[in-house]
1. Answer with yes or no whether K102 is free of Cβ contacts under 8 Å to residues at least 12 places away in the same chain and surrounded by fewer than 24 Cβ atoms within 10 Å (Cβ to Cβ).
2. I'm trying to understand the selection: among the residues of region 197-214, which are aliphatic (A, V, I, L, M) and either crowded, with 21+ Cβ neighbours inside 10 Å or on the phi > 0 side of the Ramachandran plot (or both)?
3. Mind checking which residues of region 342-374 are out of contact with any helix residue (DSSP H, G or I) (no Cβ under 6 Å at 6 or more places or on another chain) and under 17 Å from L28 (Cα atoms)?
4. Are there any pairs with C-beta distances below 7 angstrom linking a residue in region 327-348 that is at positive phi to a residue that is among the basic types (K, R), with the two at least 6 apart or on different chains, and if so which?
5. Could you check region 27-62 and list, in sequence order, the residues that are over 27 Å from Y274 (Cα atoms), in contact with a Ser or Thr (Cβ under 9 Å, 6 or more places away or on another chain) and either among the polar types (S, T, N, Q) or outside any loop (DSSP other than H, G, I, E, B) (or both)?
6. When region 200-212 is examined, which residues are found to be in a loop (DSSP other than H, G, I, E, B) and touching a residue at least 24 places away in the same chain (Cβ under 8 Å)?
7. Which count do you get for residues in region 307-326 that are more than 19 Å from D41 (Cα to Cα) and either surrounded by fewer than 18 Cβ atoms within 10 Å (Cβ to Cβ) or touching a Ser or Thr at 6+ places or on another chain (Cβ under 6 Å) (or both)?
8. Of all residues in region 155-179, how many are surrounded by fewer than 17 Cβ atoms within 10 Å (Cβ to Cβ) and either at pLDDT below 95 or hydroxyl-bearing (S, T, Y) (or both)?
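The values are calculated or read from the model by the stated rules, or taken from the named source; none is laboratory data. All of these numbers come straight from a predicted model, not from anything done at the bench. All Cβ positions, even for glycine, are placed from backbone atoms using ideal geometry, and neighbour counts span all protein chains on display.
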Amino acid sequence: MGRKGSVMKLSDRINQIEPSGTVRFTQLIQQMRGQGKDVIDLAVGEPPYDTPRAVIEATQKALAAGKTKYSPVTGLPELKSRLANQFDGYDANNIIISNGSKQCLFAMFQVICNPTDEVIIPRPFWVSFPEQVKLAGGCPVFVDTCNHQLDCEKIKQAITPKTRAILINSPNNPTGAVYPAEDLVRIAEIALEQNLYLISDEAYRLFVYDKLKSASLFDIEDIRHLLIVTRSFSKNFGMTGFRIGYIAAPQEFIRALAGLQSHMTGNVCTFAQYGSLKALDMNHHELEDWRADMASKRDYAYRQAAELFDCQKPQGAFYLFPDVRRHLENGISSAEFAGRLLETAGVAVVPGEAFGMDGHIRISYAVSKDKLASGFDKIREAL
């Protein structure tokens with residue numbers, strides 16, 4: 001028996017980790033709804049579309065056919081082969097399937113980071129990037145963007161002998177920025193000059209608007225031996241609960257990831273992978289309809305936000321990231337501001353601190369237009 005009143009000691013590694021800011025607000029929303037309170041959730045980072053019926057049926061068929069056993073650690077060969085077709089010159093050996101892009105990124109940092117290695121992350125950033133680097137023993141180094149676009153020269157100046165990688169996320173969460181091809185070329189040149197890994201998180205790659213093309217770092221052939229690309233089924237196919245993400249990278253890197261994954265989770269859910277195979281056959285017109293609907297919601301949300309805050313129009317993903325500093329009276333933080341909106345207006349947004357940038361909030365427009373209208377009306381009344 002332990003001493004009465006003794007406290008279990010946790011690792012220093014886990015004690016330095018900040019809980020996910022987006023998950024925290026989701027828990028608050030659930031708690032308030034459990035108390036019978038009405039909450040309009042503009043914090044959600046989830047597409048508002050049902051999983052395609054064909055995907056559900058393929059998953060059910062796989063279950064009925066007994067596809068419930070272990071499968072290869074790196075993923076179903078047929079799924080990997082289909083995904084490899086997205087990457088010119090790659091085959092199934094250049095692909096690994098993981099439990100969503102979040103696990104992809106976690107495993108990736110475990111493979112590339114030695115203690116005190118630095119990973120350069122443009123700010124604002126997705127909430128989990130710095131914590132995953134720290135869990136791998138590395139040190140996140142933040143470089144501010146300029147009007148939500150990359151400042152390539154600042155990134156170059158941030159490189160030290162300890163720098164191991166540069167992380168790029170386009171379309172961006174939380175800003176919705178889409179980085180132009182010329183900036184990606186410049187970042188690739190910098191990575192090549194310094195022999196650094198270049199990580200490209202492309203979870204939102206199918207959600208770009210205004211006839212833009214979401215350029216990929218993979219389009220730059222000279223960088224491919226240093227490039228690690230992550231993509232996901234979650235956002236692009238309405239399959240957030242399936243937890244299917246994947247990495248495309250040089251085969252040597254995939255083999256290292258496979259060794260790690262064999263000790264972490266083994267294989268990814270077998271029948272979910274069969275559903276993902278069917279998603280790749282999804283009608284192009286259905287995806288276009290989703291994108292057009294989201295663009296319409298983007299336009300409406302932007303008009304509403306621009307009346308209340310300083311706000312840039314996003315080009316991709318499904319978020320606004322307005323500057324709310326003129327409403328932060330008496331030095332309150334954006335976390336306090338978001339808390340007040342939740343308590344007094346019943347509207348949930350995510351404070352900018354979660355993304356490394358106080359004075360801002362993230363507003364998701366991945367909801368119905370009725371909810372958007374009601375949410376902005378309540379925000380307007382609360383200001």
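1. Working: free of Cβ contacts under 8 Å to residues at least 12 places away in the same chain: no; surrounded by fewer than 24 Cβ atoms within 10 Å (Cβ to Cβ): yes.
No: the conditions fail for K102.
2. Restricting attention to region 197-214, the residues satisfying the condition of being aliphatic (A, V, I, L, M) are 198-199, 203, 206, 208, 212.
Within region 197-214, L198, I199, A203, V208 qualify.
3. L342, E343, G346, R362, I363, S364
4. Every condition considered, the pairs that remain are G346/K37; G346/K378.
5. Result: I40, D41.
6. If we filter region 200-212 for residues that are in a loop (DSSP other than H, G, I, E, B), which is where we start, we get 202-207, 209-212.
Correct list: E202, A203, Y204, R205, L206, F207, Y209, D210, L212.
7. 6
8. The qualifying residues number 1.
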